[in-house]
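The values are calculated or read from the model by the stated rules, or taken from the named source; none is laboratory data. Computed from a prediction, not measured in an experiment: that's the story for all the values here. Cβ sites come from the backbone with ideal geometry, for glycine too, and all protein chains shown count toward neighbours.
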Amino acid sequence: MPRNYLIDMDGVLVKGKALIPGADKFIERLTESNAKFLILTNNPLYTQRDLEHRLRASGLHVPAELIFTSAIATARFVQSQKPNGTAFIIGESGLTQAMHDVGYVQTDTDPDYVILGEVNFYNFEMITRAVRLINAGAMFIATNPDPTGPTEGGIVPATGSMAALIEKATGKPPFFVGKPNPFMMRSAIRYLGVHSEDTTMIGDRMDTDIVAGVMSGLDTILVLSGVSRREDVERFPYRPTQILGSVAEIVVK
């Protein structure tokens, strides 16, 4: 049986809008070998169809249903905790659609949760409302802990940075669902319908992708096409199973 793969997107398959050399051939090898795989991203901005289109524009042909975001994992988490609840949501279409898909209602009146994702434009009134709702008893969830995100013009503040602001104002830390939380990995494995012992996590960050894979009992491959460098590995108490230059070097088993 071929192995199964969870594959980070940014820094592994693409950088911004640019295809990482060999990523297209890697996806082709996975498809030809009938390996099960899932593109895994902490980015909660976009829907699966949005990301399918963005990857296609970069030269990668991945069906929408093979893309799994922290927004989808967040929606599955709150649905498992409190089915068909209510939430005050700060986020873009990727998060709002995922929440609606699991039957959640979006409201600013006594919600069960305040759910924070990444946004293109921060609104001070919405942040103030989130702070007040959390202080009034709403539970605080954030899609992912990433403090910054990459754009064509450079890094921008991301979900983790805004979560820190709200935490400072409320004194209440959020529960982060995305990597490195093993919940996202287990949720992705269930979504794909495979087992951890037959699955490999491929990522470019020691502090999110690799640690999430290690904590979830997966084999891990660190690729050096993104954030982490080979010398960075020595700073961590855990190690990837393999270190490769890029996905172009991965032998699909």
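The table for this structure:
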read-out: Qualifying residue in the stretch 143-159 (condition: more than 21 Å from the chain's Cα centre (by Cα) and without any contact (Cβ under 8 Å) to a residue 60 or more places away in the chain); value: yes
read-out: Lone unmet requirement of (1) surrounded by fewer than 23 Cβ atoms within 10 Å (Cβ to Cβ); (2) in the same structural domain as residue 36 (by TED's automatic domain parsing); (3) more than 14 Å from the chain's Cα centre (by Cα); (4) over 22 Å from residue 99 (Cα atoms) for residue 199; value: (1)
read-out: Helices (runs of 4 or more DSSP H) fully within the stretch 1-97 counting 1 or more residues that are at pLDDT below 95 and more than 14 Å from the chain's Cα centre (by Cα); value: 23-32, 48-58
read-out: Options 74, 107; residue that is outside the structural domain of residue 220 (by TED's automatic domain parsing), crowded, with 19+ Cβ neighbours inside 10 Å and among the polar types (S, T, N, Q); value: 74
read-out: Residues of the stretch 153-194 satisfying the condition of being basic (Lys, Arg) and farther than 22 Å from residue 99 by Cβ; value: 168
read-out: Of residues in the stretch 202-246 being among the polar types (S, T, N, Q) and buried (at least 16 other Cβ atoms within 10 Å of the Cβ), the one farthest from residue 65 (Cα to Cα); value: 228
read-out: Some residue of the stretch 116-124 being of a type in the set (A, V, I, L, M) and buried (at least 23 other Cβ atoms within 10 Å of the Cβ); value: yes
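A quick yes/no check of all residues on (1) assigned to a helix (DSSP H, G or I); (2) more than 17 Å from residue 207 (Cα to Cα):
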| position | (1), (2) |
| --- | --- |
| 130 | yes, yes |
| 140 | no, yes |
| 156 | no, yes |
| 160 | yes, no |
| 164 | yes, yes |
| 167 | yes, yes |
